[in-house]
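Heads up, the thing below is written out as structure tokens.
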Amino acid sequence: MISQQPDPAASLAALQWLIDAGADEAVGEVPLDRTALPDPRRQTRASSLQTGAQAPKSATMTPKTASPAPRPRPTPGLASASETQADAQRLAQAANSVEEIRQALERFDGCPLKATATNLCLYDGNPQARIMIIGEAPGAQEDRQGKPFVGPAGQMLDRMLAAIGLDRSQVYITNLLYWRPPGNRNPTPAEIAACLPFLERQVELLAPKLLLLTGGMSAKTLLNKSEGILRLRGRWDDYRHPRMGETIPALPTLHPAYLLRQPAQKREAWRDLLAFAEAMEREGLAP
């Protein structure tokens, strides 16, 4: 029988399909063959351990002295969550510049995403800009390069900014989270809460005149809303910082990655950009 060699092009296509589906991380050091039949010797040993090691029911049992009742354990996660929040607030408030926020995040171990990510993704653009763009979380290419919005979604964002006369030298770009969730999954509320103090400190230090919130996650978190992005987009709202007296006008819009998947929605995003350009004109931020 003639063995057929695997097609390299087909293998690469299958691998790319897995990456696009989010399966781009190994979870074990040794591959597992899930098509192999179970080892009968292992089953026999497991069966003997279950049946042969049981004591006979007629055996005389020696009475034992009653041990004191165990102390009730605290509810898991509550104390650690409060400690994480306190640690994040302490580190964030001690930072007096964007670079000090980066150093604080490098010391911070309260977000579990840090253990699975490759790089910290804090910001890109100009820390002196008065326009702040806040996305959701880093993707695969952002994780490799250590900057937000550098993959296909970042290229789309560049085109969106260019459409209203902006580039990265005129804006400050960051995310709600600073480490990539495995497989680009949605982050948990605990992960968002752990990163939020560092975002609030950035807003406090930069004091932007306008916020552009890309994606439902950042819009709902910062504006304290429950609606989805399709309802929130295009509607100006006020971002209320916990330590700043004045509110900041914020406009939610569709995430560039969503526009790549749904090109028909670019018309709505263009309307949002025109509204944002008008606000830039009013604030004296037009290029």
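The values are calculated or read from the model by the stated rules, or taken from the named source; none is laboratory data. Remember, it's a predicted structure, so these values are computed and weren't measured experimentally. Cβ coordinates were reconstructed from backbone atoms using ideal geometry, including for glycine residues, and neighbour counts include every protein chain displayed.
A few points about this structure:
- In segment 176-194, the condition of being touching a Lys or Arg at 6+ places or on another chain (Cβ under 7 Å) and either under 21 Å from V150 (Cβ atoms) or not basic (K, R) (or both) is met by at least one residue.
- Screening segment 110-227 for helices (runs of 4 or more DSSP H) wholly inside it with 1 or more residues that are of a type outside the set (F, W, Y) and over 15 Å from the mean Cα position of the chain (by Cα) returns the ranges 140-145, 152-163, 189-206, 216-223.
- All told, Q103 meets the bar of being at pLDDT 95 or above, under 30 Å from D167 (Cα atoms) and of a type outside the set (K, R).
- Looking only at segment 241-287, and only at residues there that are touching a helix residue (DSSP H, G or I) at 6+ places or on another chain (Cβ under 9 Å) and without any contact (Cβ under 8 Å) to a residue 24 or more places away in the chain, the one that is farthest from Q155 (Cα to Cα): Q265
- Residue in segment 142-157 that is β-branched (V, I, T), surrounded by 23 or more Cβ atoms within 10 Å (Cβ to Cβ) and in contact with a helix residue (DSSP H, G or I) (Cβ under 7 Å, 6 or more places away or on another chain) present: no
- Annotation note: of G183, G165, G154, G215, the sole residue that is closer than 17 Å to P252 by Cβ and not aliphatic (A, V, I, L, M) is G215.
- Subset of segment 82-109 (residues that are under 20 Å from the mean Cα position of the chain (by Cα), among the charged types (D, E, K, R) and in a helix (DSSP H, G or I)): D87, R102, E106, R107
- Of the residues examined, L176 is one that is farther than 22 Å from A286 by Cα, hydrophobic (A, V, I, L, M, F, W, C) and touching a strand residue (DSSP E or B) at 6+ places or on another chain (Cβ under 9 Å).
- In this entry, A129 passes the filter for residues that are more than 22 Å from A257 (Cα to Cα) and crowded, with 19+ Cβ neighbours inside 10 Å.
- Boolean, L230 is outside any helix (DSSP H, G or I), over 17 Å from G154 (Cβ atoms) and among the aliphatic types (A, V, I, L, M): no
- Failed item in (1) of a type outside the set (S, T, N, Q); (2) under 18 Å from the mean Cα position of the chain (by Cα); (3) surrounded by fewer than 19 Cβ atoms within 10 Å (Cβ to Cβ); (4) modelled with pLDDT of 95 or more, with E278 passing the rest: (2)
- Residue match in segment 260-280 (condition: in contact with a Ser or Thr (Cβ under 7 Å, 6 or more places away or on another chain) and either β-branched (V, I, T) or over 17 Å from L166 (Cβ atoms) (or both)): no
- Residue check, A257 in contact with a Leu (Cβ under 8 Å, 6 or more places away or on another chain), of a type in the set (A, V, I, L, M, F, W, C) and within 19 Å of A219 (Cβ to Cβ): no
- Filter result for the condition that a residue is over 20 Å from C195 (Cβ atoms), surrounded by fewer than 19 Cβ atoms within 10 Å (Cβ to Cβ), out of contact with any Lys or Arg (no Cβ under 7 Å at 6 or more places or on another chain) and of a type in the set (A, V, I, L, M), over A162, A86, A115: A162
- P249, sole failed condition from (1) closer than 15 Å to I133 by Cα; (2) not in a strand (DSSP E or B): (2)
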